[in-house]
Amino acid sequence: MKKTKLLTFGLALMTLSMLLVSVTQAQTTEKTIIVCTTSAVGSVVEELLGDSAEVLVLVQPGLCPADFDMKPGYVDAVSKADILFKQNIQGEFWLDGLIESAGNPDITVVAIPGVYNTPAGAKNYITEIGGNLSQILDIDLDSKISQMLNEVDDVASLMESQATSLDASNVKVICMNWLTTFIESAGFTVVAAYNPPETLSAGDITALIETAQNEGVALVVDNLQIDTTFGAGIAAEAGAEHVVLTNFPGAIPNTETLATMLRYNAQQLFNSTVTWQSASALKTETDSLKNQVSIFQLTTGLAVIVACVEAVLLLARRKQKQ
């Protein structure tokens, strides 16, 4: 009887131990939940942590943060999140209300302000976000951070090489205001910039067109997250190329990271510059040929007149001799 009781007690103890181990394993393998306001920060977090964390990006990359539509699921996500990364930009005016509604006193909120859509800015973002994650989660991300920084450096080298090859500093650009820093970092000269089209007056638009025509602008660049067609009208008036760039990773296929977004945007600028330069060269050649034809026609016309005058004079002389 005693043996039976001891056996039963032993089995119960073993079962309890296994249950405790299972609970402990479940707790230790539970993923960190990280909420990011935009893909500018979210793409970096995802690249650094991979599948080891659950990452939720609130604003879809094709949208402007100011157009964010808050949903009940987002409140729930923030209420369960361990970390929240934000850009700290004006378009995130809705964030304080979201955090308050979530009622999560344990969440760690990290702001990553500053420029991110240039090579230098992207490197600062990667370093800042990586440093915060390393400290908060107590993990070593140095190797991954170094790899990501090298990828941005590769893009920066490409931009510098292409800018030199195409003499980008002499290529004049009009662009949406929030793209100015990137376009200048790519070596181009921005002669005018505009705010969201819905804020512009008729006078503003007229001034942009006049600047484009007077300055010989090559590119007019729209921001995908704001408007994709506004610049086309200005480009048409000035004989410039219309370009659309993205300000957030993931809005266009193969732009899911800061490095690939920068590479995509740079290539759009450089490809459009080649197109514009080719078109300009063709126009110059066409104008030259037209001028040659005009000169030939003028010369031929003068020759005919001279021939007619000489014929008249010759005829007059013959009559005088008679």
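The values are calculated or read from the model by the stated rules, or taken from the named source; none is laboratory data. Worth saying up front: this structure is predicted, and the values here are computed from it rather than measured. Glycine also receives a Cβ, built like all others from the backbone with ideal geometry; neighbour counts cover every protein chain displayed. The accessibility values were calculated without ligands, DNA or RNA, using every heavy atom of the protein model including side chains. Shrake-Rupley method; radii C 1.70, N 1.55, O 1.52, S 1.80 Å.
Worth a mention:
- Residue, least open to solvent (accessible area, probe 1.4 Å), within region 249-277, restricted to residues that are outside any helix (DSSP H, G or I) and among the hydroxyl-bearing types (Ser, Thr, Tyr): THR255
- Scanning region 167-186 for any residue that is of a type in the set (Lys, Arg), open to solvent by 20 Å² or more (accessible area, probe 1.4 Å) and more than 23 Å from VAL35 (Cα to Cα) turns up at least one such residue.
- The set of residues in region 187-204 being surrounded by fewer than 18 Cβ atoms within 10 Å (Cβ to Cβ) and touching a residue at least 12 places away in the same chain (Cβ under 8 Å) consists of THR189, VAL191, ALA193, ASN195, PRO196, PRO197.
- Residue satisfying condition, being closer than 22 Å to GLY131 by Cβ and at pLDDT 95 or above, within set SER43, SER79: SER43
- For region 127-141, taking the residues that are among the charged types (D, E, K, R) and exposed (fewer than 14 other Cβ atoms within 10 Å of the Cβ), the one that is nearest to LYS86 (Cα to Cα) is identified as ASP138.
- Any chance ASP140 is over 22 Å from THR181 (Cβ atoms) and in a loop (DSSP other than H, G, I, E, B): yes
- Filter result for LYS123 (within 17 Å of ALA266 (Cβ to Cβ), open to solvent by 30 Å² or more (accessible area, probe 1.4 Å) and touching a helix residue (DSSP H, G or I) at 6+ places or on another chain (Cβ under 7 Å)): yes
- Counting only helices (runs of 4 or more DSSP H) wholly contained in region 156-248, the ones carrying 2 or more residues that are under 16 Å from the mean Cα position of the chain (by Cα) occupy 180-185.
- Residues that are in contact with a Lys or Arg (Cβ under 9 Å, 6 or more places away or on another chain) and surrounded by fewer than 19 Cβ atoms within 10 Å (Cβ to Cβ), drawn from region 152-166: ASP153, ASP154, LEU158
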